[in-house]
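The structure appears right after this line, and notes come after that.
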Amino acid sequence: MTETGSLLTSLECRACCSEFEPSHPVGVCATCGHTLLATYDLQQWDSKGWLAKLSRRPATLWRYRELLPVQRSESIASLGEGFSPILRLKESADAPGIQLLLKDDGLLPTGSFKARGMAVAVSRARELGLHELFVPSAGNAGVALAAYGARAALQVRVYVPMATADSVQAACRAYGAKVHAVGETIREAGAYARESEKGRGSFDMSTLREPYRVEGKKTMGLEIFEQSPDGEMPDAIVYPTGGGTGLVGMYKAFTELRSAGLLARIPRLYAIQPDGCAPVVRALREGSATVTPWDQPATVAPGLMVPAPFASERILESVRESHGGGATVSDDALIDAMLTLASSEGVSASPEGAAPYAALSTLIHDGQIHPGETVLLYNTGSGLPFSPDRLRNAIHT
Ligand SMILES: Cc1ncc(COP(=O)(O)O)c(C=O)c1O
Ligand SMILES: [Zn+2]
C-alpha cells in the first residue's frame, strides 16, 4: 500500500495493448506512439468503504487519492483545486422541460479546469524527479502549468500561438515561466515546442502525450458522481471540446466507478465545438474512427481551436461508448451564451465554457437531449478575462 493509498498499477496503451511500469517518467507508448492511460487495482478495493469516508475528507480533488497516481503526500503541489459547485440553472426557452445544471470550474485556481490536470501531472512529475516541464497551450493550460510549476519549484516553458492575449502571456511570466509565442494555432506551437525542446532533458506536458493530466481531469467525473444526490447522475453531460482530455477523463472516471461496482449508468457525453473548428463533431457525424485535421480553424474560443486533437480515438470512443454525441455552435452564439449566463444566472463563463449553454437549442432540435432529462453543462473557465464586446468586434470586423 502506498502512503497516499494510490491504487496505480501500470500504464497501458489501448491501441497496441502494451503495458508500462509507472515508476519512471514516460510520455506516449514506446511501441506505437499512442496515449498511455493509468490503470488501478480496482478488484481488491473496498470501494463502498471509500465512498463512506469521502465526505470527511478536505474539499479538494485530492480526496480521490486512491484513484490518482501520486504515491506520497509530500509530492503534492496543491492550490486547493477541485470540488467546484454544481449550480441549478433556470429553465431555458431553448430547452423547455430540461433540468439544467452547471458545474463551474471557472472558480478553480488560475480560473479554469486546467488546474485539475496540471495539479496532478505536476505533482507526479515532481514525484518522479523531473525538473523542467514544457507545454504548448492556447492559454489556460500554460497559465495552470506555470502556477503549479511555481508551487512545486519546477522550471516551466510555455509555447502559445502568436495571437494569444498579452494578459495570458503576462500571467505565465508572473508565475516565473518562460513564454514563446509561435505559430497560428496550438498545432504549430506544439510542433515548434517539441523540436526546440529536443535534447534539453525537459518533459512534454502536452495533453494526452503524458499520462497524468487526464487523471486530474478524471476528477470532473468523480465529483459529478459524488455531488449527485442519491446517486442520481445527470442523463447527459455537455462539454466544450478542444484537445478532448476532459471527455476522456470523465469517461475514464465513470468506467472506473462502474468497474468498482459504484455506478450502474454512465451519463451520455456530448462534445461541443465551434463551427469554425469542429474536427471531433465532424468525425462523430461521419462515423470515422479518427479525426482528420480541420483546415483554416477560426473561433473566438482559444481553447477550442484545436484542429487535430492528438488522442482522437480515445475521444471518439468516450463519446460513442457513452451513447452521447456532439453539436457545433457559432461564435455569435458563444458570446450570446456568455452574456445570458452572466446576466440571468450570475455565472461568469469563458467563450469555451459558454459553449454547452449555446448548444442547447441544437441538441434538443436534433433529438440528442429530451424534455424530462437532467443535463449538466460543464463551464470549463471563467469569463472574467474576456470582454464580450471585444470578442464580437473580432468576429465582425
Ligand atoms: C476553458 C477551456 N475549455 C475547454 C478546453 C478544451 O478542453 P479539452 O482539452 O478537455 O477538450 C480548453 C482547452 O484549452 C479550455 O481552455
Ligand atoms: Zn501502443
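The values are calculated or read from the model by the stated rules, or taken from the named source; none is laboratory data. Remember, it's a predicted structure, so these values are computed and weren't measured experimentally. Glycine gets a Cβ as well: all are built from the backbone with ideal geometry, and neighbour counts include every protein chain shown. Note: accessible area is taken over every heavy atom of the protein model, side chains too, but ligands, DNA and RNA are not part of it. Shrake-Rupley method; radii C 1.70, N 1.55, O 1.52, S 1.80 Å.
Which residues, taken from region 198-212, are open to solvent by less than 10 Å² (accessible area, probe 1.4 Å) and among the charged types (D, E, K, R)?
Across region 198-212, the qualifying residue is only Glu210.
Just to be sure, is Ile272 of a type outside the set (D, E, K, R) and part of a helix (DSSP H, G or I)?
no
Pick from region 213-255 the residues that are aromatic (Phe, Trp, Tyr) and open to solvent by 10 Å² or more (accessible area, probe 1.4 Å): which of them is nearest to ligand 1 (Cβ to nearest atom)?
Tyr251
Find the residue count for region 275-297, including only residues that are in contact with a strand residue (DSSP E or B) (Cβ under 8 Å, 6 or more places away or on another chain) and more than 11 Å from ligand 1 (Cβ to nearest atom).
Of the residues in that region, 6 qualify.
On the given criteria, is Glu313 away from ligand 1 (no atom under 16 Å from the Cβ) and within 19 Å of Gly249 (Cβ to Cβ)?
When the stated conditions are applied, Glu313 does not pass them.
Can you pull out every residue in region 135-155 that is at negative phi, in contact (Cβ under 8 Å) with a residue 60 or more places away in the chain and either within 16 Å of ligand 2 (Cβ to nearest atom) or open to solvent by less than 10 Å² (accessible area, probe 1.4 Å) (or both)?
First, the residues of region 135-155 that are at negative phi: 135-138, 140-152, 154-155.
The next check asks that each one be in contact (Cβ under 8 Å) with a residue 60 or more places away in the chain; those that pass are 135-136, 138, 140-141, 145, 147-148, 151-152.
Once the filter is applied, which keeps residues that are at negative phi, in contact (Cβ under 8 Å) with a residue 60 or more places away in the chain and either within 16 Å of ligand 2 (Cβ to nearest atom) or open to solvent by less than 10 Å² (accessible area, probe 1.4 Å) (or both), region 135-155 yields Val135, Ala141, Leu145, Ala147, Tyr148, Ala152.
If we only count strands (runs of 3 or more DSSP E) wholly inside region 1-105, which ones have 2 or more residues that are open to solvent by less than 50 Å² (accessible area, probe 1.4 Å) and within 16 Å of ligand 2 (Cβ to nearest atom)?
8-13, 36-40
So which of Thr35, Thr39 is among the β-branched types (Val, Ile, Thr), within 16 Å of ligand 1 (Cβ to nearest atom) and either over 22 Å from the mean Cα position of the chain (by Cα) or not assigned by TED's automatic domain parsing to the domain that holds Glu313 (or both)?
Selected residue: Thr35, the only one of Thr35, Thr39 that is among the β-branched types (Val, Ile, Thr), within 16 Å of ligand 1 (Cβ to nearest atom) and either over 22 Å from the mean Cα position of the chain (by Cα) or not assigned by TED's automatic domain parsing to the domain that holds Glu313 (or both).
Would you pick out the residues in region 269-287 that are among the charged types (D, E, K, R) and under 27 Å from Ile335 (Cβ atoms)?
If the condition is that a residue be among the charged types (D, E, K, R) and under 27 Å from Ile335 (Cβ atoms), then Asp275, Arg282, Arg285 are the ones that fit.
Does Ala394 satisfy being of a type in the set (A, V, I, L, M, F, W, C), out of contact with any strand residue (DSSP E or B) (no Cβ under 7 Å at 6 or more places or on another chain), open to solvent by 10 Å² or more (accessible area, probe 1.4 Å) and touching a residue at least 12 places away in the same chain (Cβ under 8 Å)?
yes
At pLDDT 95 or above, aliphatic (A, V, I, L, M) and open to solvent by 20 Å² or more (accessible area, probe 1.4 Å): does that describe Leu304?
no
With Asp331, Asp366 as the choices, which residue is more than 14 Å from ligand 1 (Cβ to nearest atom), of a type in the set (D, E, K, R) and crowded, with 18+ Cβ neighbours inside 10 Å?
Asp331
Please enumerate the residues belonging to region 173-193 that are of a type in the set (A, V, I, L, M, F, W, C) and either touching a Leu at 6+ places or on another chain (Cβ under 7 Å) or outside any strand (DSSP E or B) (or both).
Answer for region 173-193, where residues must be of a type in the set (A, V, I, L, M, F, W, C) and either touching a Leu at 6+ places or on another chain (Cβ under 7 Å) or outside any strand (DSSP E or B) (or both): Ala174, Ala177, Val182, Ile186, Ala189, Ala191, Ala193.
Exactly one condition in (1) at pLDDT 95 or above; (2) open to solvent by 50 Å² or more (accessible area, probe 1.4 Å) is not met by Leu377; state its number.
(2)
Might you let me know whether region 156-170 holds any residue that is part of a helix (DSSP H, G or I), without any contact (Cβ under 8 Å) to a residue 40 or more places away in the chain and open to solvent by less than 50 Å² (accessible area, probe 1.4 Å)?
Yes, region 156-170 has at least one match.
Any residue at all in region 119-126 that's crowded, with 22+ Cβ neighbours inside 10 Å, under 22 Å from the mean Cα position of the chain (by Cα) and closer than 19 Å to Pro302 by Cβ? It would help to see each step written out before you state the result.
Just the residues of region 119-126 that are crowded, with 22+ Cβ neighbours inside 10 Å, to begin with: 119-126.
Next cut, under 22 Å from the mean Cα position of the chain (by Cα) only: 119-126.
From what is left, the residues that are closer than 19 Å to Pro302 by Cβ are none.
No, every residue in region 119-126 fails to be crowded, with 22+ Cβ neighbours inside 10 Å, under 22 Å from the mean Cα position of the chain (by Cα) and closer than 19 Å to Pro302 by Cβ.
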